[in-house]
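Report on one structure; see the data block that follows.
The values are calculated or read from the model by the stated rules, or taken from the named source; none is laboratory data. Bear in mind the structure is a predicted one, so any value in this text is a computation, not a measurement. With ideal geometry, Cβ positions are generated from the backbone for all residues, glycine too; neighbour counts draw on all protein chains shown.
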Amino acid sequence: MLNSKLTYKMEDKLEGLDFTESYLLGWKKTSNTLLLYLDIFIEEGHEKFEKFEKKSRFGCYKLGIFEFDKVQSLQGLEVHELQPTWDQKLKEYKDIEEINFLELSNGYVIFETDNKKIAFDYSSSNLIILDSSRFF
């Protein structure tokens with residue numbers, strides 16, 4: 001699953017990734033870890049950017065997983081797991097929500113979509129960008 005990936009520490013700059021053009025696909029919460037499954041918009045110039053067919057695609061998107069450890073005070077997720085759903089006809093994952101706002105600062109996250117505001121404290125985090133077209 002994660003054999004061809006790029007992992008970022010949140011302390012690193014996330015230049016070249018536009019989260020307001022990205023999509024939330026699902027999530028998984030365990031006792032102290034939260035995984036957010038995303039379809040991330042990659043801007044030209046980023047090392048994961050690939051040319052795309054402009055007639056059929058809006059831009060370069062890659063699947064990504066935000067991994068947050070030692071999550072506390074989680075607000076905004078009613079269920080502990082919502083797996084990404086594959087659309088066989090479109091050959092892509094169904095979007096749950098478009099991301100409107102993302103703020104990561106000093107161990108605190110605010111993540112907003114049209115219908116959700118997710119907020120929590122965390123101790124460490126990673127962003128994993130996949131080269132594959134499927135999570136599982």
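When you scan the stretch 30-136 for strands (runs of 3 or more DSSP E) that lie fully inside it, which ones turn up with 3 or more residues that are closer than 22 Å to GLY16 by Cβ and in contact with a Phe, Trp or Tyr (Cβ under 9 Å, 6 or more places away or on another chain)?
The strands (runs of 3 or more DSSP E) meeting that bar are 33-42, 60-69, 97-105, 108-113, 124-130.
Determine whether the stretch 64-82 contains at least one residue that is surrounded by 11 or more Cβ atoms within 10 Å (Cβ to Cβ) and either without any contact (Cβ under 8 Å) to a residue 12 or more places away in the chain or under 17 Å from GLU15 (Cβ atoms) (or both).
Yes, because at least one residue in the stretch 64-82 is surrounded by 11 or more Cβ atoms within 10 Å (Cβ to Cβ) and either without any contact (Cβ under 8 Å) to a residue 12 or more places away in the chain or under 17 Å from GLU15 (Cβ atoms) (or both).
Applying the selection to the stretch 114-124, what residues are at pLDDT below 90 and surrounded by 13 or more Cβ atoms within 10 Å (Cβ to Cβ)?
LYS116
When only residues in the stretch 88-112 that are of a type in the set (S, T, N, Q) and modelled with pLDDT under 90 count, which is surrounded by the most Cβ atoms within 10 Å (Cβ to Cβ)?
Restricting to residues being of a type in the set (S, T, N, Q) and modelled with pLDDT under 90, the top hit is SER105.
Limited to the stretch 38-63, what total is found for residues that are surrounded by fewer than 17 Cβ atoms within 10 Å (Cβ to Cβ) and among the β-branched types (Val, Ile, Thr)?
Residues meeting the conditions: 0.
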